[in-house]
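Colleague: Here it is, the structure, as structure tokens.
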Amino acid sequence: MNNQEPLTPADYQYFSENFCSQAFVDSFKIFRAGDEEAAGMVGRKRSAYTPWDSVVFPHYDIKTGQVVEYCLKPDNPETETKADGTQEPKYKYLFPPGRGGILYYPPSADAEALADISKPLVITEGKKQLIALTRVAANDNPASVNWHFLPVAINGVWGWRSKSADGGVIPQFNDIAWQLRSVYIVFDSDVETNWKVRYARQQLALELQRRGAVVYLVNLPQTDLDNRKNGIDEFLADFETKHGTEAAIEKGLQLISTDAQLAGGELQARVCEGRITLGAASAERGKCRVTAKTADGTPAAMDVFNPADAAKRDKFIKQIADAIQLTSAEKREISGELISLAAAADSIFSAEAEEKTKNGQSETVETSFQVLCDGRVVEQIRGGFAVFDPETDEYDVVESVVDSDGTTYTPIQDELFTKDGGIQLANALAEYGSEADLIKDVENYLSKNLDLKPLFLKLTALYILFTYIFDSVLELSYLNATGDAGSGKSRFGQTVCIASRRGLSLITPSAASLFRIVDKFKPSSDDAAAIIQILNAGFQKTAQIPRQVATGDGNFKTEMFDAFCPKIIGSLKQSASNAFNSRCVEIRMERTTRNDIPLRLTHKLLSDAQIIRNKLTLWRLRNIQTDFETRLDKAEAELRKAGIMPRLIQINIPLFALIESEDTKQEFINLLKGRDEVLAEEKALSLDGEIVDNIHTLLFETDDKETTLNKTNFSTLPADGEICEELRIERLLGMMNANRKKEIAAQSFGKMIFGLGLQTKKILKRDSEYRDKKAIIFDSERLAYLFRIYNLPVSDDFNVTNVTNIAKPLQAKKLSVVTSNGSSNKEDFSCHQPNYNNINTCKDGDIGDIENTETPVKEIKVLVDEVM
């Protein structure tokens, strides 16, 4: 560029008064230009009335180091007359006409820093502010390459917005890696008093949060500048005058570290003895962007959710636990801190709500449950909302609610909520005394209408209680009433359903009706297999069901549906599916001899159920935001100690956690143990159980007193990895086919062995009479695991520690599971390929699936979580 003129002493003095030392001003390659030269730099014509002698700021491309444009700061800008008659500059800076905003980097900035998320980024709103921040970042050393952070400037508080019709952001935003990067927004001090500036900052914070950044807001203290606003440059200059340069640098670093607030007004919270730093920043209505970092600043987890949602909170804590080992106590500490962080989630929306209100853009949303920005909880009841304040324990009934972000919430008007016979709701909130009193009231309600044994009465009452907080857990059980015709299963389902939260009775339900109600959808299919899908996936909050949905143009698209909710099922007997039975709490019904139980549906029953719902709804509102994890941890520990099968523990933890009586706990444990024994016996009768039993027979001898090594076959236990000749495939196959009309083929049998997680290999000993025959490779851990799940004893010298959770992965492609149709005595051996890695977890997709209930489901009572 020709005719570049050096800065004058007056220019350097001006910069110096704004914490921009001569060395750093020179590093930015700022210069002067005369009238005509300056005009040409920004593509403008020289003004005939106002000379454009200017200080010129070059804008550099951080990637190439080349100048992309210039910006002028005229000595004598044009002025305009204000309403009070005073004159003020029409502009401070001049840019090329028609161009959008750009990011302004220091010329010496390293382009690699754009991709380095460990390098914090600081955004300010002007040129002088950028030079001052660069001085802080480089620790007052222009030659330094080890900056504390990467400073960047925008041209005014809205300089990050593009001028495109969609109102997006400037393209340079896409050059920066934002995910999990700490970003500090340092606007001038009027952000505290000017709502328009505050709104611009909050919109920038939201945009950065959507891109995954962890955003902090720096609120500058006001300096003694005749009560006018100050930027970071003026603040540091004032601080330098009073305390010196070194102190000013330290103060600048302090502002962009410990003094900064997370966007949303939340301060950081250190937990686990300082090992983890949590933070929450408002992201969108009712949600926070929650982050966790380790002590050295390494990101451990990040997610956007409402920390009051226990399930989402647990998921976030699991993310942290994947990065750093946590004890149960530390998990509870983190959970409690996340709940407190959620209390101020509405602050980020205050200015946005003000702007929406001014423009008449307030949003109206239909909902049946909502946690408001101020922490109050809203639950739909008949005629409106019950609004509960957890801080004051006060509640009220209103027709609609306006949140602090300007959103208006109204009750769902779907006919399922408004028609008689639809979803059962409270019509008011009613006090209930203690939790024990409430459970007793529910038991009394049930006793008036059902004849149940004491244990089943208690479990049913607790299940009704559980339906009001089930959205706080990730897994649940179903309630399955079994019994002969006339034993009262239908009445049981009706009585329990109308007392439960959002109960809806469905007689011989179709797949279509279930999908519509459980997950807001109305498919055209009436497919019995879809009901099995719902029962398969509906016990886990994370499980989704894919469905092909017609789009109206003759095509189909795949949509995912959530079937998670409590279900009350009535059937003549337990299902033939072990997976289904293990997900159910069975309530055994018998014909009653009592004459005081009405045989018909009465107004008294409906009235009593309404009273119960009113009390339980208040109990829900008081407990929905409490930390349920402690109860769940304790329940899991007790069930593990009792030796219950993991699959049954997994499903019954939430219900067991509600039991306070030790006697009732022991009765429930005994009930689960009985289920354990039935499952073990049924396993032993399966083909796999027969194979494992034959292996056990070859390895051990068992009498009434003890189990010892089978000395006929083994003098000592084989070593792990040894090809075990006594466990030859042909020998085991002969034992399996000894009394079978239809023999198992060798190829199919090999697949069965493989399906058990055991490996085989040819015997290669030259002197062996079984040379080239296949035999099992001895694996003590895998065998111990199989013997345990099939309830087979082992000798003392075979003990293997920690076999409870041993489940080695199969070494090749997972084989699909197909169930025999059971229509004849023929055994379909070729399809029998279970995955035993899944035997205790009962996850969908493997042996844990319900493929055919065989016993027709007569009734299902669905307790709906969210319909619209």
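The values are calculated or read from the model by the stated rules, or taken from the named source; none is laboratory data. As the structure is a prediction and not an experimental result, all values here were calculated from the model. Glycine gets a Cβ as well: all are built from the backbone with ideal geometry, and neighbour counts include every protein chain shown. We work out accessible area using only protein heavy atoms, side chains counted, and drop any ligands, DNA or RNA first. Shrake-Rupley method; radii C 1.70, N 1.55, O 1.52, S 1.80 Å.
Colleague: Only strands (runs of 3 or more DSSP E) wholly contained in the range 115-215 count here; list those with 1 or more residues that are among the polar types (S, T, N, Q).
Modeller: Working: elements: 121-124, 150-153, 182-186.
Per the criteria, 121-124, 182-186.
Colleague: Of all residues in the range 384-408, which are surrounded by 14 or more Cβ atoms within 10 Å (Cβ to Cβ) and modelled with pLDDT under 85?
Modeller: The answer is 403, 404, 405, 406, 407.
Colleague: While we're on this one: In this structure, does residue 505 turn out to be open to solvent by 30 Å² or more (accessible area, probe 1.4 Å), at pLDDT 90 or above, out of contact with any Pro (no Cβ under 7 Å at 6 or more places or on another chain) and at negative phi?
Modeller: Working: open to solvent by 30 Å² or more (accessible area, probe 1.4 Å): yes; at pLDDT 90 or above: no; out of contact with any Pro (no Cβ under 7 Å at 6 or more places or on another chain): yes; at negative phi: yes.
Taking the combined requirement at face value, the residue does not satisfy it.
Colleague: Provide a single number: the residues in the range 792-813 that are assigned to a loop (DSSP other than H, G, I, E, B) and modelled with pLDDT under 75.
Modeller: From the range 792-813, those assigned to a loop (DSSP other than H, G, I, E, B) are 792-795, 799-813; that's our starting set.
Applying the additional criterion that residues be modelled with pLDDT under 75 yields 799-813.
Matching residues across the range 792-813 total 15.
Colleague: Give the residue, chosen from 697, 712, that is assigned to a helix (DSSP H, G or I) and over 16 Å from residue 779 (Cβ atoms).
Modeller: Details: 712 fails: assigned to a helix (DSSP H, G or I).
None of the other options fit; the residue is 697.
Colleague: Would you please list the contacts, defined by Cβ atoms under 9 Å and residues six or more apart or on different chains, that run from a residue in the range 235-260 that is at negative phi to a residue that is surrounded by fewer than 21 Cβ atoms within 10 Å (Cβ to Cβ) and of a type in the set (Gly, Ala, Ser)?
Modeller: Qualifying pairs under 9 Å: 237/16; 239/247; 240/247; 245/21.
Colleague: Here is a list: 672, 698, 679, 685. Which entry is over 30 Å from residue 437 (Cβ atoms), at pLDDT below 85 and buried (at least 16 other Cβ atoms within 10 Å of the Cβ)?
Modeller: Answer to the check: 679.
Colleague: Are any residues in the range 1-16 within 23 Å of residue 141 (Cβ to Cβ) and touching a helix residue (DSSP H, G or I) at 6+ places or on another chain (Cβ under 6 Å), and if so, which ones?
Modeller: Those that are within 23 Å of residue 141 (Cβ to Cβ) and touching a helix residue (DSSP H, G or I) at 6+ places or on another chain (Cβ under 6 Å): 12, 15.
Colleague: Of all residues in the range 74-129, how many are closer than 26 Å to residue 20 by Cα and touching a residue at least 24 places away in the same chain (Cβ under 8 Å)?
Modeller: Restricting attention to the range 74-129, the residues satisfying the condition of being closer than 26 Å to residue 20 by Cα are 74-78, 88-96, 101-114, 119-129.
Subsequent filtering for residues that are touching a residue at least 24 places away in the same chain (Cβ under 8 Å) retains 74-78, 93-96, 101-111, 113-114, 119-129.
Residues flagged as closer than 26 Å to residue 20 by Cα and touching a residue at least 24 places away in the same chain (Cβ under 8 Å) within the range 74-129 amount to 33.
Colleague: Identify all residues within the range 17-42 that are touching a strand residue (DSSP E or B) at 6+ places or on another chain (Cβ under 9 Å) and in a loop (DSSP other than H, G, I, E, B); write none if there are none.
Modeller: Across the range 17-42, the qualifying residues are 28, 29, 30, 34, 42.
Colleague: Is one or more of the residues making up the range 489-502 open to solvent by less than 40 Å² (accessible area, probe 1.4 Å) and at pLDDT below 85? Talk me through it step by step, then tell me what you get.
Modeller: Initial filter on the range 489-502 (open to solvent by less than 40 Å² (accessible area, probe 1.4 Å)): 489, 492-493, 495-502.
Still in the list and also at pLDDT below 85: 502.
Scanning the range 489-502 turns up at least one residue that is open to solvent by less than 40 Å² (accessible area, probe 1.4 Å) and at pLDDT below 85.
Colleague: Please name all residue pairs, on different chains or six or more residues apart, with Cβ atoms under 7 Å, provided the first residue is in the range 193-204 and is of a type in the set (Lys, Arg) and the second residue is part of a helix (DSSP H, G or I) and surrounded by fewer than 18 Cβ atoms within 10 Å (Cβ to Cβ).
Modeller: Sorted first by the residue in the range 193-204, then by its partner, the list stays empty.
Colleague: I'd like to verify a number: residues in the range 83-124 that are among the acidic types (Asp, Glu) and under 21 Å from residue 57 (Cα atoms), how many?
Modeller: Within the range 83-124, the subset among the acidic types (Asp, Glu) is 84, 88, 110, 112, 116.
After this cut, where a residue has to be under 21 Å from residue 57 (Cα atoms) as well, the list is 110.
The qualifying residues number 1.
Colleague: Are any residues in the range 761-791 modelled with pLDDT under 90, in contact with a Gly (Cβ under 9 Å, 6 or more places away or on another chain) and outside any loop (DSSP other than H, G, I, E, B), and if so, which ones?
Modeller: If the condition is that a residue be modelled with pLDDT under 90, in contact with a Gly (Cβ under 9 Å, 6 or more places away or on another chain) and outside any loop (DSSP other than H, G, I, E, B), then 782, 785, 786 are the ones that fit.
Colleague: Can you confirm whether residue 598 is of a type outside the set (D, E, K, R), modelled with pLDDT of 80 or more, open to solvent by less than 80 Å² (accessible area, probe 1.4 Å) and out of contact with any Asp or Glu (no Cβ under 9 Å at 6 or more places or on another chain)? Write out each step before concluding.
Modeller: Numbers: of a type outside the set (D, E, K, R): yes; modelled with pLDDT of 80 or more: yes; open to solvent by less than 80 Å² (accessible area, probe 1.4 Å): yes; out of contact with any Asp or Glu (no Cβ under 9 Å at 6 or more places or on another chain): yes.
Yes.
Colleague: Determine, yes or no, whether residue 200 is over 24 Å from residue 25 (Cα atoms), under 34 Å from the mean Cα position of the chain (by Cα) and open to solvent by less than 10 Å² (accessible area, probe 1.4 Å).
Modeller: Values: over 24 Å from residue 25 (Cα atoms): yes; under 34 Å from the mean Cα position of the chain (by Cα): yes; open to solvent by less than 10 Å² (accessible area, probe 1.4 Å): yes.
It is true that residue 200 is over 24 Å from residue 25 (Cα atoms), under 34 Å from the mean Cα position of the chain (by Cα) and open to solvent by less than 10 Å² (accessible area, probe 1.4 Å).
Residue-by-condition table, conditions (1) at pLDDT 80 or above; (2) open to solvent by 60 Å² or more (accessible area, probe 1.4 Å); (3) not polar (S, T, N, Q):
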site	(1), (2), (3)
308	no, no, yes
320	yes, no, yes
333	yes, yes, yes
348	no, no, yes
351	no, no, yes
355	no, no, yes
358	no, yes, yes
363	no, yes, yes
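Colleague: Follow-up. Please specify each residue of the range 9-39 satisfying the condition of being surrounded by 18 or more Cβ atoms within 10 Å (Cβ to Cβ), small (Gly, Ala, Ser) and closer than 18 Å to residue 76 by Cβ. I'd like the intermediate steps shown before the answer.
Modeller: From the range 9-39, those surrounded by 18 or more Cβ atoms within 10 Å (Cβ to Cβ) are 11, 15, 18-21, 24-25, 27-28, 30-33, 37-39; that's our starting set.
Then keep just the ones that are small (Gly, Ala, Ser); that gives 21, 27, 33, 38-39.
Correct list: 33, 38, 39.
Colleague: Something else about it: Do you know which residues across the range 554-595 are assigned to a loop (DSSP other than H, G, I, E, B), open to solvent by 20 Å² or more (accessible area, probe 1.4 Å), modelled with pLDDT of 75 or more and basic (Lys, Arg)?
Modeller: Across the range 554-595, the qualifying residues are 591, 594.
Colleague: If you take the residues of the range 715-740 that are exposed (fewer than 15 other Cβ atoms within 10 Å of the Cβ) and of a type in the set (A, V, I, L, M, F, W, C), which of them is nearest to residue 754 (Cα to Cα)?
Modeller: 719
Colleague: Of everything in the range 721-760, what is acidic (Asp, Glu), at pLDDT 90 or above and in a loop (DSSP other than H, G, I, E, B)? Give them in sequence order.
Modeller: Within the range 721-760, 722 is the sole residue that qualifies.
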